[in-house]
Amino acid sequence: MRGLEEIINRLGLPFVVYNQGSIVHLQTSAVLLLSTRNPLKLLREASARKHMMEEMGAAYMAHGIVTLAGSRLYTSMADTDTVIDEALNRFESVLSLT
């Protein structure tokens, strides 16, 4: 999470990264954070945000990164520093294109 956060900050992207246990969440379109309090805004923005999340997921996959729904990453104790560094390099390649 910290590595992704550093990349996002360095590139000046309006994305959010956080973790819950071993799951790292990378919110690029904030589709999961849309409020249901304003149904018109929800309808207006949901499709475009969902499409962006799908495009980000496809870009990650093209760089060998497998995510769940384009926003969640599962980590484990088997992930070595080398594996994490390689993943961060791949994320930076994708995120630098946005």
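Summary table below
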item	result
Carbon/sulfur fraction of accessible area - the chain, other protein chains in place, 1.4 Å, %	58 percent
Label zone at Asp81 (point 7 Å along Cα-to-Cβ), backbone N below 19 Å, region 1-35	1-7
Of the DSSP H helices in the chain, those whose Cα atoms cover at least 15 Å axially and whose Kyte score averages -0.5 or more	39-62, 81-95
Per residue accessible area of the chain, 1.4 Å probe, in Å²	66 Å²
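The values are calculated or read from the model by the stated rules, or taken from the named source; none is laboratory data. Being a predicted model, the structure only gives us computed values, none of them experimental. We place every Cβ from the backbone using ideal geometry, glycine too, and count neighbours over all the protein chains shown. The area values use the complete protein model at the heavy-atom level, side chains included, leaving out ligands, DNA and RNA. Shrake-Rupley method; radii C 1.70, N 1.55, O 1.52, S 1.80 Å.
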